[in-house]
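Right, one structure below, let's go through it.
The values are calculated or read from the model by the stated rules, or taken from the named source; none is laboratory data. As the structure is a prediction and not an experimental result, all values here were calculated from the model. FYI the Cβ positions are ideal-geometry reconstructions off the backbone, even for glycines, and counts take in every protein chain you see.
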Amino acid sequence: MVLTALLLAGCASAPAEVATAPAPPAAAVSVDAAKPPVALQYLYGSPEAAIAVRATNARIADYGVWRIKERPKDSVVLAAGATMDAPAFEPCGNKPFAAVFDADETLIWNLGPMRYFAEKGTAFDVKVWDQWEKTGAGKAVAMPGTVEMVNRLRAAGITVIANTNRSAANAGGSEDTLRAAGLGKFRHGETLFLMGDDAGGSSKDGRRAAIASKYCVIILGGDQLGDFSQQFNTRDLPAAQRMALATSAGATALWDKGWFLFPNPVYGPWEKLGWDDAFPSDKQWEPK
């Protein structure tokens, strides 16, 4: 089965080298047209993925309820200029608590366009995606355990905020989509931040900083590393260095301790990896 995918608009990130709007997934082309591509089968249809996503949501809710018992000194949003080698964070002061999430494939599964692109065997069409952002309400679903997680955080007094690369021009459609998925009310500019809200393009760093200026952000959740810091999407960052950065001591101290990553095998910056990136040449093997 051959998978061909581009980045999903509004999802965690387009690679930093893409300065324009991130692209939604192209169709994943399957040898067996009667079945979805393997990655889509797994993420959207398997109990294995449902269990993994639900477990991540449960960890997030438990962490949030526990974390607010003593006021943190710092947010989990990196301060301007901070690096994973020398991490520093936006201070909390007496700001109210917040949890900030990507939207697509983090709060909701975009079942409508994902099936459409796969069945049609077509690449991303900006007009189709624009229609989806405007009219997708009721066709996207909350991911397993997400409604329960969001409700627990809100009940604990933690504001739930979405920071997504969906277009600010389609804010009303995204508000409707999140509400129709059972996730409650999100208001653009208050609890919904979108690409176009600032001059940062697909980078979410500026929007994160704006949120952290008003809130003590104790949780960041996403399905791409760009949902945590744009430094993971630095232009031309070699695959080995990106891996080292994501698994460094600074990052490791945050995973599942304020930073929570959701599984997404369908699309992401890792799609550009070559054979030697995924399979080191010194581990090559052939049968005799």
I'd like the full set of residues that are surrounded by fewer than 24 Cβ atoms within 10 Å (Cβ to Cβ) and assigned to a helix (DSSP H, G or I), limited to segment 97-124. 111, 112, 113, 115, 116, 119, 120
Quick count over segment 70-81, residues being part of a loop (DSSP other than H, G, I, E, B), closer than 17 Å to residue 257 by Cβ and modelled with pLDDT of 95 or more, is 2
Could you check, for segment 183-205, whether at least one of its residues is closer than 19 Å to residue 86 by Cα and either among the polar types (S, T, N, Q) or crowded, with 19+ Cβ neighbours inside 10 Å (or both)? no
Near pairs, Cβ below 9 angstrom, 6+ apart or cross-chain, from segment 41-69 (over 18 Å from residue 108 (Cβ atoms)) to any residue that is at pLDDT 95 or above and among the aromatic types (Phe, Trp, Tyr): 48/42; 59/260; 63/260; 64/97; 67/97; 68/97
Scanning segment 202-248 for residues that are within 20 Å of residue 267 (Cα to Cα) and of a type in the set (Lys, Arg) gives 204, 235, 242
Members of segment 125-158 found to be assigned to a loop (DSSP other than H, G, I, E, B), farther than 13 Å from residue 180 by Cα and not aliphatic (A, V, I, L, M), listed by number: 125, 144, 145, 157
Residue within segment 47-57 that is surrounded by 15 or more Cβ atoms within 10 Å (Cβ to Cβ), polar (S, T, N, Q), modelled with pLDDT under 95 and out of contact with any Leu (no Cβ under 7 Å at 6 or more places or on another chain) present: no
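For every residue, the table says whether it meets (1) assigned to a strand (DSSP E or B); (2) of a type in the set (A, V, I, L, M, F, W, C).
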position	(1), (2)
160	yes, yes
163	yes, no
166	yes, no
171	no, yes
182	no, no
